[in-house]
Structure formats: structure tokens, C-alpha cells
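A short write-up of the structure that comes next.
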């Protein structure tokens, strides 16, 4: 593959200038940083290794101490089980726990106070009697760790715990710690690569060592770690230098044993492998960097110069006219010519883009909104920016009175809404608009229609009128006032397109209104269906709904919460469709079975509405409107604020209407009696906050009763 460096670019003055600036600005810092980094990074790598080794020792000491605490917990649990199971592991003891004990302790035995002992599993061997200090430590509720010499090699670690801490003479439990679990080098904990370690007790006995057998731990190494809590040292062996870091794990307060010395060892060759590799590769990196700088400089200049002529010619073609504003570039190279061409292009692009952005904003606002008011505001304010007109007005034709139009207007400087301004639409004007569905151009003068008065002003020459029809009926009018007739003719096609978008948005808004009306009509029909099941409950849902909404207003519900409560109020007793009419109309006291059937109506109502996803938010209000504030209600016995606030409002409104209305088994109660009951049940059956709101509402209507 042939590498083409494009050396011909140096024939231009601009290319030479850029190359030397780019090359010098890159080369000088790279060389300076290279010298500094070579020494600094080397020292940093060495310091990082020392820090990493120290952290590894510290991390492993904390891990080891945590292991001892876990083993102590296991011993405590085992002792507790033995004390409750006649000092035997019962058959009911989980096999998983026994398996876990055997994984963590290779042997376990029970030692009686009288001197006898019994092996639970494994073999511990002879155990010296506990001294006074050890017994005192065990009596304090802690465990003792002892190091016991083993004739087979490395010493064993024993952990001892009282069988019953409250009874010091109850004997103790001793277990031999499994070093595989304690050290866990191949499972939970992984040492950094290339590191060996050994553990020693306070008398310098080796408890464990990962070093090869032919690597003896000499007295010289041991002397360096005596009587010091932590440290760092170096030593030589067989023409190799080693780094060592140690830390004393202090355990006496918890386990009585003085502690364990942990020492990590790593050869310098292994430790500083990264540093050696860095020093070997760094000069190569510097040389390569310089070559890359040269190649990239040449390539960058070539790729920058090549499109300049094309870009300059393209901008001249796009510009096409002269503008006063100039960008002054005095570089005496190709960029000066590019700047001249850009000045020609910039103003025109600015105007076009502003027009496109404004048009897009209006389009998004119109097509994304279903609120008629928002649609009209967006169009009236945006069209004065998007088009060259002096004023815009939008009129909605009344669906009940086709000869009346309400207008919204904007004059290009300030937006204003003409509130409740009805303009009469004469039959001849109505006929003219229907016969010209695309547009009308009307000259300014005394005979102009009255609906143009909202945009009329001094200096206006003509008006562009855009009728908007829905379902073949005139629904709206857009009127635009112009001083310049040529601007009107230029704007007309795009204005008609905007009017068509407004027609789509108004159609969507109208459809949503119809669907909303249909929804509310369906809800009211369902409520009347429930009320019609019994002559005694006629109008009950409507009365409860009105009172619930008054309570919601008193409690400052937001519009969304109020609308949900409105729906739930109409449907709160829909579950009574599942209650037999003879129970609803029974004049006497209901039997226990009939009461249970009646109490099921909230759950029946919830099941009826469950398939309607949009009514999911209503279900808690309907399901829990018979819950009591003190938790003694039904169906779930909820209490306090755990009951939906809508359900708490329905409980008050429903009970109030039930008490004040006639029922088959009694006449309606007097208002004073009803309010007395509501006050008495405040905080018990009813939410006190809702009852207080009810008092305020009733007081405004009947001061004496409240």
C-alpha cells in the first residue's frame, strides 16, 4: 500500500502557515511532557506498587478478622442449639447448617466442667485446662482462640465458646478451625498476582505460608516484623531482591489471643514489571507520536484545502443577492474569499430559517394540541411572525348560533385575546364564505364585512380571508390584514396550508369533546341505573357526587384529582347491581347473611370496573368507601391515611346522604341529628379533616344545623 503524503499542498501560503503552527504547537508540548512523564510516571508506578501492597495487606487483615467473627457467630449458634437439644445435634437440625459447620471447623467437641469431653465430630485431641484469664473472658460472653501445636506440622487454631453464657459452669464448646475456610484464597478472596504471604503468631510460629518449601523464612526477615504493628522492608535472596509488607492483626480484646502477623512478599522483578515495560516502550511511543503529528498535519491541511473551492462556489450560488452586513476577514488567503461568500449567504439563510422555525413551531402547536383555546392562541401569535401580514384574527363560528363568531386576534407586536366578542355574520357573508372555501381577498373600505374589524387599522390595503370547514359546515375563519398586496399573494399558498392544519386540529379537538361528553353521559346513565334499582335510592348517586365535589373543592383538590373523584362518585354504588332488590328494599332489619351480601357491593363494583384500564385509578375509591378511619370498616379493614383520600370523602358524602334521606326501614333523620352523628364519628368512622370540611359547607347553607 502506497502512502501518499500530498506534499504538493506546501505550494500555498496558507498550507505552510497552518502546517508550521500545527506542528510546533503539537511537537513542543509533546517533547516537554515526554521528559517530565518519563521520570514522573516511573516514580508514580513505583509508589503505586508500594501503596497497592500495603492496601493488600490491610484488606486481607480485615478479611481475616471478619472470618474470625463469622466463625464466632457459628460457634455461638451451635452452642445455643446444643444447650437446647440435650447437648446433641438433633435430627431436626438443618443438614445445611451441619454441612456449613463441617466446612468451617474440621472438628468439634463438648467439654464438661467436671473434666469430661465428648467429640461431636472430627478429632480435636487433648486440650489443656482453661486458665483463670480464659474462663473470665468466656464468662464475659466472648470466645477464645488458642494456637495448639500439632505434631504433624503447622499449628492448629482452636475456637472456644461457653455452652451457656448465663451458666459459666455449663461447659464449653471447642472447635478446630478449618484453614481452608479461614484463608479462602481460592474462593472469596484473591491475592494480587505474584504475591505470596505467611502468617505468624506472637511467638513467631508459622501458622501458614504460601511460599515454596525451598524458600525458608529466615530470622533476618522475622526480626524485621517483631514489635511493630505494620511496616515495609526489602531483602535479598539468591541474586533476587524482594519487597515485603506486614501488618499485625490485633485480636486480644475479642479473642484473647494477642494477634497474628500477616506478611506479603513479592519479587521486585515481578512488582516493577509495568515500570520496566514502560521504560522500554516510552521512547518508541515518542518517536511514533512525532511521526503521527507530521502525517496528521499534512492530511488535515490537505482535507481542509480541498473543499474550500467547492464551498466557496456553493455559497455564492446559494446567496444570489447583496446584503449590507459584512463579516470582515483580512487573512489574505482562501478564507477571506470564503468570508465574502458567507456574508452573502448568511442573511438570506437567517431569514429563511427563522421563517421555517416559526412555521414548524406553529405546526407542532396546532397538530399536537387538543385544546381549542391553545390552538387559537398558538396560531394567532405565530402567524404574524411566520407571514408578512400586519395582523391576524381567528374566529370560531358558534355551533348553536351559526351567525355569531367569537374572535381571537394578534397584531404582530402584542398578542391579545378578544374575550367574549361576538361578531354578527350576515347571511350574504355566510353564503360568500361557503362558495369560496379556499380563500377570499377583500379590499379595505367602508363596505368590508364586520368580522374584519378585529384586524382593521390605518394603512391596511387588503385582507386575506381563509374559511375553515368541518363536516361541510363553516367552523372558523382566519383573517389576515396586509399593507402590501404583493406580500398577500406571496403568503396565500402557505397560509391556506396552515388553515388546513388548523382545520385538522379543530376537528380533533371537537372529536375529543364529543368523546368526553359521551363518557360523562355513560357514567351518569350507569349511576341512574344503580339508583333506579330501588325507589329508595333514586337520585342518591347524584347527591353524593355533588357533595363529594364540594368537599374536594374545600380540600383544594387539583383538577385531575377532582375529575377522578367525580367519576368515582357517580359509580361508587355500581356494585349494588349485584345485590338482590329484595335486600335493597327490605323494610325491616337485615339478617346476618343479608348484611354480608350487602357488604360485598364495594368488591363487586371494583370487579365490574376492573376490565376498564382508564378506570384503574377509580377502583380504590369505590372499593374502600366503606372503610372506617379507625380500621373497623370493610372489605379490608384499612385505617387512617392508608385509605384513599377519595374513598374517605365518599364515605362522608355517602353516609351523610344515607342518613338524611328516607329508607325502607326508617325516615330521613333531621339535619341537626345527622351533623351530631358526623361530629361524634369524626376520627372513628370518618376522617376528621373531611368532616371539618363538611361542617364548613353545611354551615354556609344551614348555620344553625352546623
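Data for the structure
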read-out: Peptides 127-133, 618-624 ordered by average Cβ neighbours within 10 Å, highest first; value: 618-624, 127-133
read-out: Relative contact order (%) - criterion: Cα under 8 Å, at least six apart; region: region 55-273; value: 19 percent
read-out: Relative packing of peptides 475-486, 48-59, 562-573 - highest average C-beta neighbours within 10 Å first; value: 562-573, 475-486, 48-59
read-out: Packing-based exposure ordering (other Cβ within 10 Å, fewest first) of 386, 31; value: 31, 386
read-out: For region 533-701: relative contact order, % (alpha-carbon pairs under 8 angstrom, 6 or more apart); value: 23 percent
read-out: Protection proxy ranking of 102-114, 431-443, 637-649 - average other beta-carbon atoms within 10 Å, highest first; value: 637-649, 102-114, 431-443
read-out: Value of Rg/Rh across region 55-273 [Cα atoms, Kirkwood radius]; value: 1.02
read-out: Region 161-213 - Kirkwood radius from inverse mean 1/r over Cα pairs (Å); value: 14.3 Å
read-out: More than 21 Å apart - percent of Cα-Cα pairs taken over region 533-701; value: 46 percent
read-out: Descending semi-axes in whole angstrom, ellipsoid equivalent of region 578-664, from the Cα gyration tensor; value: 22, 17, 13
read-out: Where N is the number of residues in region 621-671, Cα Rg divided by 2.2 N^0.38 Å; value: 1.24
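The numbers here are math on the coordinates, done by the rules we state, and not lab data. Please read all numbers here as calculations on a predicted model, not as lab measurements. Virtual Cβ from ideal backbone geometry, glycine too; neighbours counted across all protein chains shown.
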